[in-house]
Amino acid sequence: MTGFRYEDIFATKHLEYLVVIVFLILLILFWRLLQKPAGKILETAGASTPSSAQWFYFPEGFYYHQGHSWAIPQGSLIKVGIDDFAQKMIGRIDTVDITPVGSSIEQGGIGWRLTVDSKNIDMLSPIMGEVVKINKKVLENSEIINQDPYGEGWLMIVKPHNRDVNFKNLLTGKSAKACMEVSIDILIEGKGSNFGLMYQDGAAPVSGIARTLSPENWDSLVKNFFLTEEEQEML
């Protein structure tokens, strides 16, 4: 049609996400600076504090979704799973229900369901396509996800409908790390001193962070971080 111009809204959204992420990081850092007396700023400048790199593992070469799932190329196919932040937030997973082989999944749509303490936690697929294989090992022993989320704990292999668009809407490298820093800062700022209860020996978070931070409503906390709270209300 004359005058019609196609615009890739997914690419536009991706840029908007990055702008918001950078703004939030700068805002949090500035707020923390204002909260510390001048003497304290100098006193703590050289202090050794845990960083997100110590808390959570995010290997290079993976593409990450804001709902804490990942995707990685496997030739013409894409392997999918959940990231280290997700498995540490939830803790021990009782069972996993994966979209069956032959089914179509949407990027940002429900891809699988985790059952933890008799509660269902849906997670979003990082890509769009057709499921061609699922990891039967994690169906039989879901603890593999906690033990090796980026390796043996993968969930499905997908034949993408549009490979380039799928990866364009995901985060890599510095943008992925920035998104993770925002998630961590939200945890810290939202829970204050209670966040210290997460650590084992003062270094790494215990498994099942959400239960520690919100024993009564941990599942709702998880859904908020996995971006499925709104999805649940729509179902």
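Summary of values
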read-out	value
When each of Lys79/Lys137; Lys79/Lys136; Lys174/Lys223; Lys177/Lys223; Lys137/Lys223 is checked by Cα-Cα distance, pairs over 18 Å	Lys174/Lys223; Lys177/Lys223; Lys137/Lys223
R0 of 25 Å, Cβ-Cβ distance Glu216-Ser183: FRET efficiency to nearest 0.05	0.70
Asn141 versus Arg113: modelled label distance in nm, points set 7 Å from Cα along the beta carbon direction	2.6
Convex hull volume per residue for the range 97-140, taking Cα atoms only, in Å³	68
Rounded, prolate or oblate (a/c below 1.5 giving rounded, otherwise prolate when a/b exceeds b/c) for the range 50-133 by Cα gyration tensor	oblate
Extension gain (nm, one decimal) between Asp164 and Tyr57, 0.36 nm per residue minus Cα-Cα	36.0 nm
Rounded, prolate or oblate (a/c below 1.5 giving rounded, otherwise prolate when a/b exceeds b/c) for the range 69-182 by Cα gyration tensor	oblate
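No value in this document is a laboratory result; all are computed from the given coordinates. Quick caveat, the model's predicted, so the values are computed rather than measured. Because the Cβ atoms are built from the backbone with ideal geometry, glycine has one as well, and the counts that use them run over all protein chains shown.
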